[in-house]
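We did not get these values from a lab; they are worked out from the coordinates using the rules stated. The structure displayed is predicted, hence computed values, not measured ones. Heads up, the Cβs are rebuilt from the backbone with ideal geometry, glycines too, and the neighbour counts pull from every protein chain shown.
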Amino acid sequence: MRGRMRSSGWLFGGARKGAEENGAARRAPAAVVLTLTAALIAGGCAGRPYGNLVLGTTTPGASTVDLLVATTRAPVVEPPGVMFGGSRGRDLSFADIVVSIPPNHKPGNVEWPSSPPGDPQRDFVTLRADKMDLAQAKAMFNARVARTPGHRVLIFVHGYNTRFEEAVYRQVQIVHDAGVNEAPVLFTWPSGGNVADYVYDRDSAMYSRDAFELLLHALVSNKSVGSISILAHSMGNYLTVETLRQMAIRDHGLPAKLKDVMLASPDIDVDVFRRQIAQIDATPRSTQFTLFVSRDDKALGLSSFLARDSTRLGALDPTKQPYSEMLQEADVNVIDLTNVESNDSANHSKFATGEVVSAIGGRLAAGQPLSDSKTGLVETFGTFAKGAVNVATDVAVGAVTAPAKLTDPTRQEQSVDTTADVKPLPQPK
């Protein structure tokens, strides 16, 4: 049976064993602190895109992507070109964003403008960025999904240390490079956009579970929607799997419309995932889970260090026990990207490279499950090379996307009033 715990050895002995499997060798505390400090300093000197949602123009030969955004971030007015900051909003908010992709776009890349709004010949340029109420969001979504073959929806859930515009442009890049014929929806949660905000981000992800469940229920109950796929990255997987676990408990299973859940570089403790997927599998499911792993993921190496060397799901070796048995028992398909070249030095965003997203997009467009033997994904990427890679020794690189400032200015302006009554989100009708 899927998800059944077969041995007490896994239940009580898995956490510390994980340190050996993902190569996160223990190091002297002083050396670790120095390395991590160096990473934060180096990241603090790096530039970071900010305020790029200022409207510009497109150019002949450019492509455009229309995006519906649902967010638990608090809206902001200043500075311009931000829309939503890193603070937690009280309600689920919506936006309609259209982005132009330059004619010479390189698959897998986001061509950030040096200054907004950017040059449409060379850069991603925002063409429309409108906040919407619920009624407007429903009308816009229904019109878009009606034009989509099979009425399919693709939801992207970003990861840790991600600002609003970074989440927007990343999904635009994925949708464009994958060539998907699916209505794209971005679910963006209140990441602080700061490498030092790991705990804040984790709490923000959990804060957003009910809102994400509300969105999923609304899409499932929408008669215009034929099927739903989810692509989650990094810490966004923790939010995604926790929400699905919550849905499975509440609804006695996952909805039939939810076809694919793609877990890219998931920042989830393996023992925690074991429990999560067991609860999801307490009732039969038709949803296919696909896990993308890379054993040279330095960002997950840093996460493993912060979590006392616990194995992260996105960095495990799927050929070794107890992981291979767990994944087989839970019916989780695995794509190993360890040997795929990354566009980022942390090797944390391999799922967004041109060859990977185009392969995913082709399978989804054809209506094929990613586990189908005819898809070629496993044959193309799943080499399952044995031997763990020591990711902790290069922990400094895990912070390469650190912000230019140590705080998001919108966080201070949009703090939540803790004296107000907390009310549950409204249920979809």
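Placing dummy labels 7 Å off each Cα toward the beta-carbon, the span from GLN121 to LYS223 is 5.1 nm. With the simple model of a label 7 Å out from the Cα in the direction of the Cβ, LYS320 to ASN339 spans 1.9 nm. Each residue of segment 119-134 was assigned a 3J(HN,Hα) from its phi angle through the Karplus curve 6.51 cos²θ - 1.76 cosθ + 1.60 (θ = phi - 60°); the sequence is 9, x, 6, 10, 10, 5, 10, 6, 9, 8, 8, 10, 6, 9, 8, 4 Hz, with glycine and proline shown as x. With the simple model of a label 7 Å out from the Cα in the direction of the Cβ, GLN279 to GLU355 spans 3.8 nm.
In the structure displayed, which of LYS106/LYS131; LYS257/LYS320; LYS106/LYS320; LYS131/LYS223; LYS138/LYS257 lie more than 28 Å apart, Cα to Cα? If you can, show how the numbers build up before the last one.
On the way: LYS106/LYS131 30 Å; LYS257/LYS320 33 Å; LYS106/LYS320 36 Å; LYS131/LYS223 25 Å; LYS138/LYS257 18 Å.
Cα-Cα > 28 Å for LYS106/LYS131; LYS257/LYS320; LYS106/LYS320; rest within.
Residue exposure proxy: GLU78, GLU165, GLU355, GLU213, ordered by other Cβ atoms within 10 angstrom of their Cβ from fewest to most, comes out as GLU78, GLU355, GLU213, GLU165.
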